[in-house]
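Remarks on the structure that follows.
The values are calculated or read from the model by the stated rules, or taken from the named source; none is laboratory data. Just so it is clear, the structure is predicted and the values come from calculations on it, not from any experiment. Using ideal geometry, Cβ is built from the backbone for each residue, glycine included, and neighbour counts are taken over all protein chains shown. Heads up: the accessible areas ignore ligands, DNA and RNA and are worked out on the full protein's heavy atoms, side chains in. Shrake-Rupley method; radii C 1.70, N 1.55, O 1.52, S 1.80 Å.
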Amino acid sequence: MERINQRGLGIISKVTESCNLACKYCYAEHDNKIKSIMSDETLENTITKCYEFSGERKDPHFIWHGGEPLLGGLEFFKNVIKIQDKFKPHKISNVIQTNATLINDEILDFFIQNNIHVGTSIDGPEEIHNLTRIYWGSTGAFKDVMGGVEKMRKKGMDIGAIVVLNKKNVNHISEIYEFFKRENIGFKANPLIKCGRAIKNYEDLSITPKEYGKALIKLFDLWYNDFDNMNFSCDTVEELLGNITTAHPRGCDFSEGCQGSYISVSPNGEVYPCGRFGSDTPDYCLGNINKNSLDDIFEEKTKKKLLERTADAIEGCRPCEYKQICNGGCMHNAYMKNGNIMDKDFYCAGYKMVLNHIKSVVKKDLGITG
Amino acid sequence: MVKEIEVFGKKVDIETIKNPRLKRTLEKRFCRMFRYCPDSDTPIDDKYKGCYHGEWVDWKEYKEKYGDKSHKDHTEYKEYKDYKDYDDKYHTDEWV
């Protein structure tokens, strides 16, 4: 069996764990004193080893993440392209996930010139966003984020955002939807992930699976019945609709064998199963990109165990009618529940709620009874 | 060719779907499946039909013509920068 799936290996490369913001649920629990940026050696090894491991037919794609990746500065990304250029005619594919506050015209021009796509994070309109996405010292970051978005808009760039659904915004789905529609920013709504700083703030920010399910149903209804601007997208519910109607799931939370699709490399070169695992889950460190080959990492016993996680291997998933749609969900979401990746996704009950709802709506629309 | 697919066990002509969100999602999905299907980890049933460079073709016919090669191996595909480029050229107007 091929170890990498058709779409090629996605590498979530954490440029740094530092950030100019102090969002309350950040993956990276850092004190803003450690300013380390991924070294030239680690960067070179990450890119080179991923291209070599991917072979001739499958092009890797790089997701530059953090902390705040733009703390690496423009020079970091010039170096990325310089190293990747050695591997042409392989396709070069880069996405950066940034808080957008450090964006400037020079950076954007370079990104446009090199086809680097930009995603950002916005938790809703100003009064909602500023409850969780804040600077050190608690000042809300909304105005600066939207300043960055405006710069992208002026350059004609596509803008996409991730919303983290948490206790502060989960009951404001209509306001969130209307905000993104008004701004014409396509968005994904991810549930809070219990890692990094979210562990400390979990009581204050956590949502239940049912709250998540209720929010997704509301989001689906708003999007499904809104034809004003067909180019306005809400990827989360569109993905769920496509998954259940075709029975061919897409999305890292639902695809069978996400471990054939992703690895994550931390600033010091440590390799983890995906960006949700990190220094707070040392048992899932698969090696170091500066010391180990990706062949070794994919043969590592923890990686092999992760590759074996399928819905049929999870006792609670075997009788479920949606097991082919969600494939047991996200292993980190299972891990966050009780430390067991071979359990169901923590948000399982919420996914069932929204999938039942979508199935019922689509069946009605298509005149399918029973 | 009728753009017929199967949803929840019922054969549906995509053109008859009234909700534009559902119609567009299914069009995108079946088109995408055709791009990725030849060497995807996900098995594609022969019953599905999909969009191939703007023409709706039967998966069986596609396989007879191209075998197990992916789109990447076809000269036609190389005309397009990436999926979005391909998508924009062939589908945006139909969807809106």
So A:G260 fits all but one of (1) within 11 Å of chain B (Cβ to nearest Cβ); (2) modelled with pLDDT of 90 or more; (3) in contact with a helix residue (DSSP H, G or I) (Cβ under 8 Å, 6 or more places away or on another chain); what number is the exception? (2)
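Anything in region A:336-352 that is part of a helix (DSSP H, G or I) and either in contact with a strand residue (DSSP E or B) (Cβ under 8 Å, 6 or more places away or on another chain) or open to solvent by 60 Å² or more (accessible area, probe 1.4 Å) (or both)? List them, or say none.
Within region A:336-352, A:K337, A:N338, A:G350, A:K352 meet the criteria.
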Checked region B:12-36 for anything in a helix (DSSP H, G or I), modelled with pLDDT of 70 or more, open to solvent by 10 Å² or more (accessible area, probe 1.4 Å) and farther than 14 Å from A:E238 by Cβ; matches are B:E15, B:T16
Scan of region A:28-52 for residues that are surrounded by fewer than 23 Cβ atoms within 10 Å (Cβ to Cβ) and modelled with pLDDT under 90, ordered by number: A:E29, A:H30, A:D31, A:N32, A:K33, A:I34, A:K35, A:S36
Residue among A:A141, A:A189, A:A215 that alone is closer than 30 Å to A:P282 by Cα and not basic (K, R): A:A189
Those residues of region A:271-322 which are in contact (Cβ under 8 Å) with a residue 60 or more places away in the chain and open to solvent by less than 50 Å² (accessible area, probe 1.4 Å) amount to A:C274, A:G275, A:R276, A:F277, A:G278, A:T281, A:I289, A:N290, A:S293, A:L294, A:F298, A:Y322
Show the residue pairs that are 6+ apart or on different chains and have beta-carbon atoms under 6 Å apart, the first residue being within region A:107-121 and more than 19 Å from A:K188 (Cα to Cα), the second being outside any helix (DSSP H, G or I) and open to solvent by 30 Å² or more (accessible area, probe 1.4 Å). A:L108/A:K155
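Yes/no per residue for (1) at pLDDT below 95; (2) within 14 Å of chain B (Cβ to nearest Cβ):
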residue: A:G316; (1), (2): yes, no
residue: A:Q324; (1), (2): yes, yes
residue: A:G328; (1), (2): yes, no
residue: A:H332; (1), (2): yes, no
residue: A:G339; (1), (2): yes, no
residue: A:V362; (1), (2): no, yes
Among the residues of region A:279-335, which ones are in contact with an Asp or Glu (Cβ under 8 Å, 6 or more places away or on another chain), of a type in the set (D, E, K, R) and assigned to a helix (DSSP H, G or I)? A:K323
If you go through A:K218, A:K188, the only one that is out of contact with any Cys (no Cβ under 8 Å at 6 or more places or on another chain) and at negative phi is A:K218
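Let's see how each residue does on (1) surrounded by 20 or more Cβ atoms within 10 Å (Cβ to Cβ); (2) farther than 29 Å from A:F180 by Cβ:
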| site | (1), (2) |
| --- | --- |
| A:K78 | no, yes |
| A:K86 | no, yes |
| A:P89 | no, yes |
| A:S93 | no, no |
| A:T101 | yes, no |
| A:E106 | no, no |
| A:F110 | no, no |
| A:N115 | no, no |
| A:V118 | yes, no |
Selection within region A:194-233 - of a type in the set (A, V, I, L, M, F, W, C) and either within 14 Å of chain B (Cβ to nearest Cβ) or surrounded by fewer than 18 Cβ atoms within 10 Å (Cβ to Cβ) (or both): A:I199, A:L219, A:F220, A:L222, A:W223, A:F227, A:M230, A:F232
Counting only residues in region A:122-159 that are closer than 24 Å to A:K194 by Cβ and at pLDDT below 95, the one surrounded by the fewest Cβ atoms within 10 Å (Cβ to Cβ) is identified as A:S138
